[in-house]
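Single-structure report; data block below.
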Ligand SMILES: Cc1cc2nc3c(=O)[nH]c(=O)nc-3n(C[C@H](O)[C@H](O)[C@H](O)COP(=O)(O)O)c2cc1C
């Protein structure tokens, strides 16, 4: 985790792992984070095949908590995991899964046109029937 104001070097390092598109807006976030999965159980070293699921679930809970506090997180697949590993000395057995920006929502007009259009477009969610099935796959 790196705060833009308090941990400028770490913030810049994390920002540098993001794709140029993501850097464009994420540079203004108050905080940048990495969601990292622990691929094995610390107690016995056995593989944790739910590590990615756990990490995504934890991030989703953070999204809800942020919203409850009047903040917002923005999750990103658009980052370079190897760069993140190098920049923060993340050891083997831990997988950088996503980058996350946290902050207060800024005005859409401050964004470049394409991002402003995305930000203000009506949210469309896929119908549940497209991805939840009864009985059998796609049943
Ligand atoms: C795993 C994952 C990766 C994502 N990667 C990116 C990304 O690299 N850049 C980006 O701008 N949005 C990315 N998104 C989308 C945003 O996090 C967010 O879901 C999207 O802007 C929709 O926002 P809304 O829920 O307010 O409609 C990603 C979302 C998820 C779940």
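None of the figures in this text is laboratory data; all of them are computed from the coordinates on show. Not measured: the values here are computed from a predicted model. Virtual Cβ from ideal backbone geometry, glycine too; neighbours counted across all protein chains shown.
So the values come out like this:
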| quantity | calculated |
| --- | --- |
| Matching residues in the range 111-139 - criterion: being surrounded by 10 or more Cβ atoms within 10 Å (Cβ to Cβ) and free of Cβ contacts under 8 Å to residues at least 60 places away in the same chain | 114, 116, 117, 118, 119, 120, 133 |
| The range 83-100, subset within 9 Å of the ligand (Cβ to nearest atom) and under 19 Å from residue 20 (Cβ atoms), residue surrounded by the fewest Cβ atoms within 10 Å (Cβ to Cβ) | 98 |
| Neighbours by Cβ (under 6 Å, 6+ apart or cross-chain): first from the range 46-73, more than 14 Å from residue 95 (Cα to Cα); second surrounded by fewer than 16 Cβ atoms within 10 Å (Cβ to Cβ) | 66/72; 72/105 |
| Sole exception among (1) more than 11 Å from the ligand (Cβ to nearest atom); (2) loosely packed, with under 13 Cβ neighbours inside 10 Å; (3) not in a loop (DSSP other than H, G, I, E, B) for residue 70, by number | (3) |
| Test: residue 80 is surrounded by fewer than 17 Cβ atoms within 10 Å (Cβ to Cβ) and more than 29 Å from residue 110 (Cα to Cα) | no |
| Per-region count, the range 17-32, residues in contact (Cβ under 8 Å) with a residue 24 or more places away in the chain, more than 13 Å from the chain's Cα centre (by Cα), more than 10 Å from the ligand (Cβ to nearest atom) and under 22 Å from residue 114 (Cβ atoms) | 1 |
